[in-house]
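K.L.:
My questions all concern the structure below.
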Amino acid sequence: MSSDLDQNVLFQCENLRLQFGANADRVVALESLTFGLRRGEFAAIVGPSGCGKSTFLRIIAGLLQPSAGQLCPVDEKKRQTGLVSLMFQSPVLLPWRTVLGNVVLAADLAGTPRDLEAVRERALSLLRLVGLTDFVDRYPFELSGGMQQRVALARALLLDPELMLLDEPFSALDALTREEMNFELQRLWLQSGATVLFVTHDIAEAITLSDRVLVMSARPGRIIAEVKVPLPRPRSASTRYDHEFMAAHKEIYSALHAGGPTANTRPQNRAEPELVEAAER
């Protein structure tokens, strides 16, 4: 990989490969995966279940080591100091900590000296942004699923990360709460200027949030298509009726089904097939 990495590129991987096991038990999860992410961009990844989307995020986060290939320039120091944050499918809140305590946990785990009062004020500010000011002293069991995900989102933003890795963070929510969280995430991202890589099975969600959508093939996962989303921001619920939205939906849907078995890549709402039909007209 060239040492003269474009300053606008936050990270880049080339020919990434991940293999589990060996010989007859060998499973190749990722193969020849090449991808770059620009600073301040919001990119999404869609693909069939089991294609390696979440695995790819874990490699970037340093939780897995690739079998081959190069990943630059995300380093261990950035990961340890909170400049790279990972938000999981479930909120992963500690039940014995309050809402505020779960948000400041990110600073506790970073392992670097910080002004505790400044951290607390930052956490309270983020909780105001996500609408949880009245719940700072509550415990996770007292919150709804959507509220728990808001806590997890505030925690992911606490240390002003350079890169946010979001692994289907809203997949367990009901449709209305999920849509609300999508626009909440968009609002916070526009304010923070962070770079986001977002994994989802929902094509409409990917288009609504992203500057571009990467389509992965069935295992072994590789990027088979890149679809740019030229829609203006901020986006709203009505954006999905825009012609460019429908055209992007059709392109992604076609790429998914051209790239191999997609039985587990299901529409996340009943409107999606209608969007494809509308784009074809």
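The values are calculated or read from the model by the stated rules, or taken from the named source; none is laboratory data. Quick caveat: nothing in here was measured; it's all calculated off a predicted structure. Cβ coordinates were reconstructed from backbone atoms using ideal geometry, including for glycine residues, and neighbour counts include every protein chain displayed. Each accessible area value is taken on the protein alone, full model and side chains, heavy atoms only, with ligands, DNA and RNA left out. Shrake-Rupley method; radii C 1.70, N 1.55, O 1.52, S 1.80 Å.
K.L.:
Would you check if Q191 is open to solvent by less than 50 Å² (accessible area, probe 1.4 Å) and more than 14 Å from the chain's Cα centre (by Cα)? Walk me through how you get there before you give the answer.
P.N.:
Values: open to solvent by less than 50 Å² (accessible area, probe 1.4 Å): no; more than 14 Å from the chain's Cα centre (by Cα): yes.
Taking the combined requirement at face value, the residue does not satisfy it.
K.L.:
So is P113 more than 18 Å from E184 (Cα to Cα), modelled with pLDDT of 90 or more, assigned to a loop (DSSP other than H, G, I, E, B) and not hydrophobic (A, V, I, L, M, F, W, C) or not? Break it down into steps so the answer makes sense when it comes.
P.N.:
On the way: more than 18 Å from E184 (Cα to Cα): yes; modelled with pLDDT of 90 or more: no; assigned to a loop (DSSP other than H, G, I, E, B): yes; not hydrophobic (A, V, I, L, M, F, W, C): yes.
So P113 does not fit the description; no.
Per-residue answers, yes or no, for (1) among the polar types (S, T, N, Q); (2) modelled with pLDDT of 90 or more; (3) open to solvent by less than 60 Å² (accessible area, probe 1.4 Å):
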site	(1), (2), (3)
K53	no, yes, yes
V92	no, yes, no
W96	no, yes, no
N102	yes, yes, yes
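K.L.:
What number of residues in region 59-82 are at pLDDT 85 or above, over 13 Å from L163 (Cα atoms) and surrounded by 14 or more Cβ atoms within 10 Å (Cβ to Cβ)?
P.N.:
Looking only at that region, the number is 5.
K.L.:
Let me ask something else about it. Report, by residue number, each residue of region 17-31 that is charged (D, E, K, R) and in a strand (DSSP E or B). Please lay out each step first, then the result.
P.N.:
Looking only at region 17-31, we keep the residues that are charged (D, E, K, R), and these are 17, 25-26, 31.
R17, E31 - these are the residues of region 17-31 that are charged (D, E, K, R) and in a strand (DSSP E or B).
K.L.:
Could you grab the pairs with beta carbons closer than 9 Å, sequence gap of 6+ or different chains, first residue in region 26-50 and at pLDDT below 90 and among the polar types (S, T, N, Q), second one loosely packed, with under 15 Cβ neighbours inside 10 Å and in a strand (DSSP E or B)?
P.N.:
none
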